[in-house]
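See structure below.
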Amino acid sequence: MDPHNKVPSPDNYAAFLARLDAATTSLTTRARALDKALSAISLLLGRYQRALRGWERRLVRVDKELDRHSGEPQTSAALHELQRTAVQMRSMHSEQVLRLTEKLSLKQGQRDAVGRSLLELEVIRAKLETSRRLSRDRENLGRALYELAGTGSGAAKIPDVGLRNDLREAREAVILAEALLEVKGS
C-alpha cells in the first residue's frame, strides 16, 4: 500500500478464500451424500449377510437330513429340492454380499478421499487467514511508521530528528522484512 494513499489495498485473499469456501461447501454436500449411501449400503449388506447365514444353516440341516434319510423316495425328492433351493439361495445371497461389500469399499474410499480433501481445505484456509492477518498487520505497521517518520501530518508531531531517523530505519527494516517474507512465500 502506498503510505500517501489512505485507501486500503485490495484484499488479494478474498478471491482465494471464496474459492476455498465454494470447494468446502461442494465437498461437504458430497460427503453427506456419501454418508447416506454408506449407511444404506451397510444396512442392505447386513440384511443380505443375515439371509446368507440363514440359508447356510438351512443347507446344513437339509444335508444332515439327507444323510440320515433312508426312507420314501418322495421324502428324498423333497429333501433334494430343498437342498437345491438352499444352494441357489446361498449362492445368490453370497453374490449380493460380495457385490455390496465391493460397493461399500468403493464408497468408503470415496468418502475417505473427500474427508482428506476437506481437511486440506481447512488447513490451507487457516494458513491463508493467518497470512491475511499478517499482511494487514505489516501494512498497518508500515503506514504507522511512515507517518511517524516525518512524511505527512506526523512530521509536525515529532520534532526530534534522531527519532525520525530511527523511525525511517525501522520502516526500511519492515520493508526489507516484507520483501523477504514475499520471497520466502509466507
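The values are calculated or read from the model by the stated rules, or taken from the named source; none is laboratory data. Computed from a prediction, not measured in an experiment: that's the story for all the values here. Here Cβ is always computed from backbone atoms with ideal geometry, including for glycine, and neighbour counts include all displayed protein chains. Side chains are part of the model used for accessible areas, which takes the heavy atoms of the whole protein and leaves out ligands, DNA and RNA. Shrake-Rupley method; radii C 1.70, N 1.55, O 1.52, S 1.80 Å.
Of note:
- Between Leu118 and Arg99, the modelled label-to-label distance comes to 3.0 nm, taking each label 7 Å out from Cα in the direction of the beta carbon.
- Solvent-accessible area of Ser105 with every protein chain in place, 1.4 Å probe, in Å² to the nearest 10: 80 Å²
- Distance between the 7 Å Cα→Cβ label points at Leu17 and Asp63: 6.7 nm.
- Counted over the range 45-134 with a bin width of 5 Å, the fraction of Cα pairs per bin, in whole percents, is 3, 13, 13, 12, 9, 8, 7, 6, 6, 5, 5, 4, 3, 3, 2, 2, 1, 0, 0.
- With both labels modelled 7 Å from their Cα along Cα-to-Cβ, the Arg132 to Gln83 distance reads 7.3 nm.
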